[in-house]
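Q: Mind looking over this structure? Questions follow.
Derivation of every value follows stated rules applied to the coordinates shown; laboratory data play no part. Keep in mind that what you see is a predicted model, and the values were worked out from it rather than measured. All Cβ positions, glycine included, derive from the backbone under ideal geometry; neighbour counts span all protein chains shown.
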Amino acid sequence: MNGGNSSGAPSPGDHVAKAKLSGRTILILIGVAVILKVGQEIFVPLALSLLLTFTLAPIVSFLRKRRVPKIVAVLLAVAAAFLAIAVFSFVVATQVANLAENIPTYQRNIVGKVHALSQAGSGNSVLEHFSKAVERVGAEIQTRAVESRDESQLEATAREPMPVEIVTRSKPIETLVNFLLPLVSPFATAGLIIVLVIFMLLEREDLRDRFIRLVGLGDLHRTTAALQDAGKRVGKYLLMQLVVNSLYAFPITIGLWLLGIPNAVLWGLLTLVLRFVPYIGAVIGMILPLFLALAISPGWSLVACVATLFIVTELVSNNVVEPWLYGSHTGLSPLAIIISAIFWSWLWGPLGLMLSTPLTVCLVVLGRYVPQFDFLDVLLGNEPVLQPQEKLYQRLLAGDPNEATDNAEDYLEDEYLVDYYEKVGLPALVLGEADRQRGVMSEAQIALFASSTQTLIENLAEIALEEENEEAVDSEESGVIKAVAELDLPNGEGRTVITLGGRGAIDDAASAMLAQVLVVQGAKVTQYGYTAISGRNLNALALEGVETVIVTFMNGNSKSHARQIARRLKRVRPTLRVGVVVPIADGDRYKPIDPEEINADFVSSSLSQAVRSALSDQTAVELKLTARKISRPRQRSNTPLKA
């Protein structure tokens, strides 16, 4: 609201320093991504161990509260987790082996169905034309390839000698190593993960203290909150997602078994795992049973039943089970989940795709508590990044009062109109006035901003009328106006008020907000623009029968202007009550205006305070004449005095 840099406003040097810091942070993140890509074999087991530690930590804490020794609690939790993984892997392997035996049968069914489909579309069908076109293109490509190969072989025979390759026999030990290494590697990785999880759970408190000592000793409160938030978010997400996936996979397995789909247990277990992959995991888990239904069924009814089973289960899970169990506790936006899935799958392949959500949750927590990485929380988090008044100011500045009206109506579902104007509307005008004083807004932008605000106020007139009628009904039934009980605002019936803008179009918009609130309270209000009090236009105001005039200023440096207007109004009508509204912004360098200094009856910093003062029963303050030390000399009379 002020003209210069207030105590709360960042200086240009701060913006430059922040820009440099953000550039350095981005370079650091790029370097970290490169390291993670190169050291994939090291960091993937470490990431898996860390996430499993977050998942098993609540179980260990639960056992510890039951007085189970620490080592025993850790071993029980780890053994139970990896036993479940081993059983899961064994069941999947058995089902896959059974499926492999029946693949020739399924293949013949699919070929027969495709052949029948081709015969059904014989004649001048699109399928036949497409098939012939594909065949012609394939034959042409094959012919060209054969000709090119023959020519190259002839040239090579004529010009170059035939290469001779010497093949050496490998030693038995090398052959055994090359054969066993791919088989042993997964078991070695699994063993390493087990050892890491055990030691991370045993040394959890010590690792926490060391992490605090490295990165957060200067701010223990922030670091502790970050660790607790990360552990709570990741652990709860993984556990609840496992529960949700299990509740999803169980009816899928039963439904596929009842429909006669072979290896229903396999598809249920794969669905459970694939749903850890955001969005596309459920689709992949549905495609495989659909393809199998197509292979075993002569018609299309079984395919439709399988698709219906998956769609209904997905809808129930997304709309009932997930909000009931954990809702949106991850703190990630849907777009961030998709982007993180793409990034981590590029970085670490399918395993990174499954771990994308919990790893991104850790990044969001890092951005929320570490100032250097706050842009991660802004980009990936689901919390609003703009305050309501900032969002309103941006929409009005862009000339979009319709979206601003939609947001206002959502706000007014739980609040009153005066609350919206006081907490959102007026602060948005303060932001606009501050930019105007800094000279960053052109005259066209100021006019667009003010006109958009007026349109917003007009769009909210219907809500104002509803509140006015609601209060009137409450007053007739109980004798108590609802606003009196809820907002402590007086009844304005029988009161006449004029609201004026002080110095510009933005002041007029604030005056219109105040006028609408006064109308809701039952007062008779007339609203004028700032041009009505410039020059001799003041005499044109219909002040007869008016009790109070309220002048609104968004500029805190309007003390002299407010004094002149108050004195001029009181000269025209001495019994008139004159009030001034000057909102106070955060970090405002202007001192509050004393009513006695400007000869006003009251000075308010909020709309509710202005309404209370305007509808009060206080008498008008008398106009104070300016004290003068020098009197104007009077002209002497030429008539002689009588003796």
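Q: Let a ≥ b ≥ c be the square roots of the eigenvalues of the Cα gyration tensor of segment 330-384; is it rounded (a/c under 1.5), or, if not, prolate (a/b larger than b/c) or oblate?
A: Numbers: a/c = 2.40, a/b = 1.78, b/c = 1.35.
Prolate shape, in that a/c is at least 1.5 and a/b is the bigger ratio.
Q: Hey, another quick one. With θ set to phi - 60° and the Karplus curve 6.51 cos²θ - 1.76 cosθ + 1.60, what are the ³J(HN,Hα) couplings of segment 608-615 in order, to the nearest whole Hz, using x for Gly and Pro?
A: Computed from phi, the couplings for segment 608-615 are 5, 5, 5, 5, 4, 5, 5, 9 Hz.
Q: Okay, moving on. Around residue 397, under 13 Å between beta carbons, what's the net of Lys plus Arg minus Asp minus Glu among the other residues? Display every interim value, and only then the final one.
A: Working: positive: 391, 395, 436; negative: 390, 400, 403, 433, 435.
Combined, the nearby Lys, Arg, Asp and Glu give -2.
Q: Give me the number: length gained by fully extending residue 209 to residue 622, i.e. 0.36 nm times residue separation minus the C-alpha to C-alpha distance, one decimal in nm.
A: On the way: separation 413, 0.36 × 413 = 148.68 nm, distance 6.96 nm.
Gain in length upon complete extension: 141.7 nm.
Q: Quick check on my link table: of 391/591; 236/391; 391/423; 570/624, which ones sit more than 21 Å apart, alpha carbon to alpha carbon? The partial results should precede the final answer.
A: Details: 391/591 28 Å; 236/391 32 Å; 391/423 13 Å; 570/624 10 Å.
Over 21 Å apart, Cα to Cα: 391/591; 236/391.
Q: Along segment 362-367, what does the Karplus equation 6.51 cos²θ - 1.76 cosθ + 1.60 (θ = phi - 60°) give for ³J(HN,Hα), rounded to whole Hz, x for Gly and Pro?
A: 4, 5, 5, 4, 4, x
Q: Could you calculate the contour length gain from residue 287 to residue 27, that is, 0.36 nm times the residue separation minus the distance between their Cα atoms, to one decimal place in nm?
A: On the way: separation 260, 0.36 × 260 = 93.60 nm, distance 4.07 nm.
Extra length available between residue 287 and residue 27 comes to 89.5 nm.
Q: With the crude spin-label approximation of a point 7 Å out along Cα→Cβ, what separation in nm comes out for residue 99 versus residue 414?
A: Here the modelled spin labels are 4.6 nm apart.
Q: Enumerate the calculated ³J(HN,Hα) couplings along segment 518-524 in order (Karplus 6.51 cos²θ - 1.76 cosθ + 1.60, θ = phi - 60°), each rounded to whole Hz, writing x wherever the residue is Gly or Pro.
A: Here the 3J(HN,Hα) series is 5, 5, 4, 7, x, 7, 8 Hz.
Q: Hey, another quick one. Sort the following peptides by mean Cβ neighbour count (other Cβ atoms within 10 Å, averaged over residues), highest first: 413-422, 60-69. Don't skip to the end; give the middle numbers.
A: Values: 413-422: 18.2, 60-69: 12.5.
Packing order, densest peptide first, comes out as 413-422, 60-69.
Q: Still on this structure, I have one more. Need one number: nm distance between label points at residue 62 and residue 199, each 7 Å from Cα along Cα→Cβ, rounded to one decimal.
A: Spacing of the two 7 Å Cα→Cβ label points: 2.8 nm.
Q: Enumerate the amide H contacts of residue 332 below 5 Å, restricted to partners 5 or more residues apart or on another chain; note that Pro and chain-start residues carry no placed amide H.
A: Answer set, sorted by chain and number: 382.
Q: Is segment 390-614 best put as rounded, prolate or oblate by its Cα gyration tensor, with a ≥ b ≥ c the root eigenvalues, rounded for a/c under 1.5, and otherwise prolate when a/b is larger than b/c, oblate when not? Intermediate values should be presented prior to the final figure.
A: Details: a/c = 1.65, a/b = 1.04, b/c = 1.58.
Cα axes put segment 390-614 in the oblate bin.
Q: Considering amide H positions built from the backbone, and no H for Pro or chain starts, which residues 5 or more places from residue 495, or on another chain, come under 5 Å of its amide H?
A: When sequence neighbours closer than 5 places are left aside, the close amide H contacts are 524.
Q: Using r as the Cβ-Cβ distance of residue 406 and residue 257, and R0 as 41 Å, what FRET efficiency do you calculate, to the nearest 0.05? Write down the numbers at each step before the final one.
A: Details: r = 48 Å, r/R0 = 1.17.
After rounding to 0.05, the efficiency reads 0.30.
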